[in-house]
Amino acid sequence: MKKRFKYIIYCIAFLLFALVVAERFFIPKKPILYPNFGIEIPPGYATHGIDVSRYQRCIDWEQVSKMRDRGQRISFAIAKATEGTNLTDGCFDQNWKGMKEHDILRGAYLYFHPNKSGKAQADYFMSKVQLESGDLPPVIDIEETNRMSDKNIQKSLKECADLLESKYGKKPIIYTNVDFYEARLGEVFDEYPLWAAHYEQCDAPKVKRKWTLWQHNCKGRVNGIGSEVDFNVVNGNLFALKDLCLE
């Protein structure tokens, strides 16, 4: 009788353990709705940020910095600075100044055209953006092929990335969607921090390599911004993000 009782206890304990493991590793957790932000945010992430450009028009960064939704806030923001070799985002200067004034960890990105000189695009970015200690390293946003071969895309992008790394002493962050990364870039850029765009996912972007930032939604709402805005999370916490910053 005692042996049978112990056997039942062991079985119950094993089932409970199996349920805990299943919940932790196999059962996807549901996104959490943040009413003020107007979107669901993947669970398990503590550091949230946005990326902006002239499409968000004039931004009141004081309101952005003060906004809270269920205890969460906007901790970082990345603003478009340049595109190609001769275009500067019309709102960049205002955004760059506003993020610093209101203690939002800031970053700047260049929108990359693979059919143009990587060196020229890096030079143009550096002429328009004054990165400081505590800022994120430059971000290279690459989303299109411009009818270039994968080899030429990689060559031009590497040229740009090398020049930025030489200037700032940190590898730039590569932003792209997960399909573009795996189809066009792959292992050549696996040593660079990855900012992966992948929407409508429950817990993480579906990319094989390690990622640093995840753009998970493009329809967020934030006080001080009059239109929808992209939302991002950090793979880790704010300290992990600060470790990337310029010294």
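Here are the numbers for this structure:
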read-out	value
Residue match in the stretch 125-140 (condition: part of a loop (DSSP other than H, G, I, E, B) and within 20 Å of residue 228 (Cβ to Cβ))	no
Test set (1) modelled with pLDDT of 55 or more; (2) farther than 30 Å from residue 80 by Cα; (3) not in a loop (DSSP other than H, G, I, E, B); (4) not polar (S, T, N, Q) - residue 55 fails condition number	(2)
Count of residues meeting criterion [among the charged types (D, E, K, R), within 19 Å of residue 81 (Cβ to Cβ) and in contact with a Lys or Arg (Cβ under 6 Å, 6 or more places away or on another chain)] in the stretch 136-177	2
Qualifying residue in the stretch 203-224 (condition: closer than 30 Å to residue 60 by Cα, at pLDDT 95 or above and in contact with a Cys (Cβ under 9 Å, 6 or more places away or on another chain))	no
Selected residue (criterion: surrounded by the most Cβ atoms within 10 Å (Cβ to Cβ)) from residues of the stretch 148-203 that are without any contact (Cβ under 8 Å) to a residue 24 or more places away in the chain and assigned to a loop (DSSP other than H, G, I, E, B)	198
Matching residues in the stretch 76-112 - criterion: being of a type in the set (Gly, Ala, Ser), crowded, with 19+ Cβ neighbours inside 10 Å and not in a helix (DSSP H, G or I)	77, 79, 81, 107, 108
Enumeration of residues in the stretch 114-124 that are in a loop (DSSP other than H, G, I, E, B) and crowded, with 19+ Cβ neighbours inside 10 Å	114
Test for residue 120: is it in the same structural domain as residue 160 (by TED's automatic domain parsing), touching a Phe, Trp or Tyr at 6+ places or on another chain (Cβ under 9 Å) and of a type in the set (A, V, I, L, M, F, W, C)	no
Matching residues, the stretch 54-76, being more than 26 Å from residue 43 (Cβ to Cβ) and charged (D, E, K, R)	54, 57, 60, 62
Sole exception among (1) aromatic (Phe, Trp, Tyr); (2) at pLDDT below 55; (3) under 25 Å from residue 196 (Cα atoms) for residue 37, by number	(2)
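The values are calculated or read from the model by the stated rules, or taken from the named source; none is laboratory data. Owing to the predicted nature of the structure, the values given are computational and were not obtained by experimental measurement. Positions of Cβ are backbone-derived with ideal geometry, glycine not excepted, and every protein chain shown enters the neighbour counts.
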